[in-house]
Amino acid sequence: MRSAYVEAVKTKADPQSKAFTEWREIEKTMIPNREDAKENNQKMKGDYSTVAGYLRPLAFKGQTIYLPLEIWDSVALMFLGLALYRWGFFTGSWSNSTYWKILMIGYGLGLPLVSYSHYYGFKNYSTLEANLLVMERVAINWVSLIYPFQRILLVMAQASALILLYQAGIAKGLFSSLEAVGRMAFTNYIMHSLICTLLFFGYGLNYFAVLDFYQLYYLVLAIWVLQLITSPIWLRHFYFGPLEWLWRRFTYWKLQPFRRQ
């Protein structure tokens with residue numbers, strides 16, 4: 001579509017032609033220009049009806065048109081996770097020496113790969129204009145194939161490191177809190193979605209497009225600390241998080257125990 005658009009510009013084709021309209025639709029959705037970004041910011045800073053009216057069509061498109069293209073990545077990783085669980089990797093059933101080997105191989109290969117791909121991205125995709133230029137000149141960017149490998153290698157290494165730390169009894173309090181966060185994953189997911197919605201959107205505190213990237217990490221840390229504190233406290237008094245309890249209620253179609261006696 002980009003190639004067709006560039007050719008249409010060169011030949012001064014009709015602005016209402018297919019090449020122009022198709023690329024414009026892709027541009028607005030995937031790689032907005034600065035005017036699109038400005039318009040987006042204004043809408044996200046509006047009231048609830050403005051924000052919802054803007055986001056719902058985008059969400060619907062993502063869950064229909066793009067879902068058949070994007071779902072396979074998640075499905076593949078879910079099957080990998082299921083297999084690793086069945087094989088005993090996530091339950092800590094493997095020997096420490098095996099976890100150490102996976103850790104060293106994962107970091108040993110994954111870190112050089114991610115370092116190179118980061119350098120390549122910084123060199124070739126530092127701006128929107130550079131990104132589009134590479135798209136026009138390079139038919140298939142084979143460097144992008146590094147990502148699936150670096151991701152699997154580093155995830156396996158990170159998981160091995162966490163399992164070794166857990167089995168060594170290091171940071172027991174932190175792991176206990178993380179377990180509680182995991183047991184309330186649904187509730188915590190919706191909680192931090194609500195926090196960010198009310199912080200950023202116009203009908204909340206209106207911080208959309210205000211914070212720098214490094215400042216977002218402070219927000220991430222604050223939410224993590226909040227959930228690491230509140231999740232264990234909640235589970236001392238209740239068997240499940242509120243949304244987990246509701247999910248189980250409709251899954252099994254019978255009343256589930258909720259409050260601890």
>> Consider the stretch 211-236. How many of its residues are touching a residue at least 12 places away in the same chain (Cβ under 8 Å), β-branched (Val, Ile, Thr) and closer than 16 Å to Phe175 by Cα?
In response: 1
> Which condition number does Ala209 fail, the rest of (1) touching a helix residue (DSSP H, G or I) at 6+ places or on another chain (Cβ under 7 Å); (2) within 28 Å of Thr91 (Cα to Cα); (3) surrounded by fewer than 17 Cβ atoms within 10 Å (Cβ to Cβ) being met?
Replying inline: (2)
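Being aromatic (Phe, Trp, Tyr), loosely packed, with under 12 Cβ neighbours inside 10 Å and in a loop (DSSP other than H, G, I, E, B) is the filter here, so list the residues in the stretch 60-109 that pass it.
Step one: filter the stretch 60-109 for residues aromatic (Phe, Trp, Tyr), giving 60, 66, 72, 79, 85, 87, 89-90, 94, 99-100, 107.
Next cut, loosely packed, with under 12 Cβ neighbours inside 10 Å only: 60, 72, 79, 85, 87.
Residue satisfying the conditions is Trp87 alone.
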>> Tell me whether the stretch 221-235 contains one or more residues that are of a type in the set (Gly, Ala, Ser), part of a helix (DSSP H, G or I), under 24 Å from Gly81 (Cα atoms) and in contact with a helix residue (DSSP H, G or I) (Cβ under 7 Å, 6 or more places away or on another chain).
In response: no
> Residue check: is Ala159 farther than 19 Å from Trp245 by Cα and either crowded, with 18+ Cβ neighbours inside 10 Å or touching a residue at least 12 places away in the same chain (Cβ under 8 Å) (or both)?
Replying inline: yes
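Can you say whether Lys10 is within 25 Å of Val134 (Cβ to Cβ), among the charged types (D, E, K, R), more than 19 Å from the chain's Cα centre (by Cα) and modelled with pLDDT of 85 or more, as far as the supplied structure shows? Even if it seems obvious, please write down each step before you answer.
On the way: within 25 Å of Val134 (Cβ to Cβ): yes; among the charged types (D, E, K, R): yes; more than 19 Å from the chain's Cα centre (by Cα): yes; modelled with pLDDT of 85 or more: yes.
For Lys10, the condition - within 25 Å of Val134 (Cβ to Cβ), among the charged types (D, E, K, R), more than 19 Å from the chain's Cα centre (by Cα) and modelled with pLDDT of 85 or more - is met.
Hey, could you check the stretch 236-261 for residues that are of a type in the set (S, T, N, Q) and part of a loop (DSSP other than H, G, I, E, B) and say which is surrounded by the most Cβ atoms within 10 Å (Cβ to Cβ)? Full working, then the answer.
Taking the stretch 236-261 first, the residues of a type in the set (S, T, N, Q) are 251, 256, 261.
Applying the additional criterion that residues be part of a loop (DSSP other than H, G, I, E, B) yields 256, 261.
Working: Gln256: 15, Gln261: 3.
The residue in question is Gln256.
For the condition in contact (Cβ under 8 Å) with a residue 40 or more places away in the chain and in contact with a helix residue (DSSP H, G or I) (Cβ under 6 Å, 6 or more places away or on another chain), what is the one hit in Leu164, Leu178? Walk me through how you get there before you give the answer.
On the way: Leu178 fails: in contact with a helix residue (DSSP H, G or I) (Cβ under 6 Å, 6 or more places away or on another chain).
Every option except Leu164 fails the conditions.
The values are calculated or read from the model by the stated rules, or taken from the named source; none is laboratory data. Fair warning: this is a prediction, and the values are worked out from it, not measured in the lab. Cβ: placed from backbone, ideal geometry, glycine included. Neighbour counts: every protein chain shown.
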